[in-house]
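Nothing in this text is a laboratory measurement; each read-out follows from the coordinates by a stated rule. Predicted model, so just to flag it, every value in this text is computed and none were measured. Please note: Cβ atoms are built from the backbone with ideal geometry, for glycine as well, and neighbour counts cover all protein chains shown.
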C-alpha cells in the first residue's frame, strides 16, 4: 500500500471515529455546569416538593447543582414554553406532570406541541391525590359527602390546585361519575388551596397527598379517601374513592423532560441516573413517606405514557366542558 493511500485510509477512519469519540466525551462531561429544572407551579406543593428531592439527589450523583426554578402560571404552560425555547443541551429541563397531557386539549392556542417539542427523559413517581375536608365539615365519609352534596345542590365548593393538574382532574372525574352538583374552585397551587382549607374558607378539597399529609397526621384535616385504586402506604387506613364510587380510580405522575433535539447520550445519562436514584432505599423511603410511589421508566415508556394520558384526559375535558382560565 502506498504512503498516500495509507494516509487517506487513516484520515477516513479518523473521520468515522470522531463523532463516536465526541459523543462519548460529551456524555462523560455532562453536566459541566448547573442544570435548571423548571416547575410550572408555586413552591410548597406536591410537584415542587418531589422536584426538589429529585433535584438534590441528581446533584449528589452527577456532581453539579440542579436548580429548581418555579415558573407558575397558565396551568404550567409558562414553564413548559420556557423549556421548549431553551437550547437543547441538557441544561434546562422540565418537571413534566399530568397537567401537560391535559393542557394539550384544555388550551386551544398553545405556542408549542408538548409531544413534539419536549423529549421524554424519565418518570420519577406516581401521584396519589387526596380527598380531604376541614374537621368542622359534618361528613367524614365519601358516601356522606355525596349525600350532602345531593341534598344541597349547588351549595358545595370543592377546592383544587390549578385547572388541569392531577387533583383538579380527579375532582372533575369525581363530579362526572357521581353526578353531584358542586362548584370546583381551582386555586393557584397546593399551598394557597391548603391555606383556604385549613382556615375554613373552603371545607372540601382534592389535593396532592404530599402537601397535605402532615396536616392529616396532625389532625388539622380529615382525609376521606385517596384517588387511586388501592390504598396508599403512607395513609393505609384511608380507603380509595372507588370503594364508594365503583370504577373510580385516577392518579397523576411526574417526570423529567428536555427540549426536543437534546442529544440522546445526555438523555440516556439523565435517565440512567434518575432510575438509579429512584432505586436508592433512602430516597424511596422519603418519597413513600410523602405518599408518592417511585416510578422508573425508559424514555420510550414515558413517551407512551404521555400519549396515552393525553388521549385519556381529552375525553374528560370535552365531556365536562372544562375551560382554561
> Based on DSSP, what percent of beta bridges with both residues in the chain are antiparallel, to the nearest 5?
Replying inline: 60
> Which order results if 188, 71 are arranged by neighbouring Cβ count within 10 Å, fewest first?
Replying inline: 188, 71
> Taking the chain on its own, what percent of its Cα-Cα pair distances exceed 37 Å?
Replying inline: 22
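Going highest first, how would you order 112-119, 256-263 by mean Cβ packing within 10 Å? Spell out each step's value before the answer.
On the way: 112-119: 16.8, 256-263: 20.8.
Top of the packing list down: 256-263, 112-119.
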> 222 nm [θ] for the chain, helices only, -39500 (n - 2.57) per DSSP H run of 4+, per residue, to 500?
Replying inline: -15000 deg cm²/dmol
>> Given the C-alpha atoms of region 200-260, compute the convex hull and give its volume per residue in Å³.
In response: 138
> In whole angstrom, how far apart do the alpha carbon centroids of region 271-320 and region 135-177 sit?
Replying inline: 25
> Across the Cα atoms of region 168-325, what radius of gyration and what greatest pairwise Cα-Cα distance (Dmax) are found, in Å?
Replying inline: 17.7, 51
>> I'd like to compare 200-211, 84-95, 264-275: which one has the highest average count of other Cβ atoms within 10 Å, and what's the full order after that?
In response: 200-211, 84-95, 264-275
> How would you order 166-174, 217-225, 73-81 from highest to lowest mean count of nearby Cβ atoms within 10 Å?
Replying inline: 166-174, 73-81, 217-225
> Dividing the convex hull volume of the alpha carbon atoms of region 51-159 by its residue count, what do you get in Å³ per residue?
Replying inline: 166
> Taking neighbour Cβ counts within 10 Å as the exposure measure, how do 181, 48, 237 sort from fewest upward?
Replying inline: 237, 181, 48
>> Between helix 3-29 and the chain, what is the angle of the helix's C-alpha long axis to the longest principal axis, kept within 0 to 90° and rounded to the nearest 10?
In response: 20
>> Quick check of the Kirkwood formula: for region 268-325, what is the inverse mean of 1/r over all pairs of different Cα atoms, in Å?
In response: 13.8
> What is the Cα coordinate range of region 129-243 on the first, second and third principal axes, sorted by size from largest, in whole angstrom?
Replying inline: 32, 29, 28
>> To make sure I understand, if each residue's beta carbon is the centre and we count other beta carbons within 10 Å, what order do 39, 142, 216 fall in, fewest to most?
In response: 216, 142, 39
> Taking every DSSP beta bridge that has both residues in region 129-243, what percent is antiparallel when rounded to the nearest 5?
Replying inline: 55
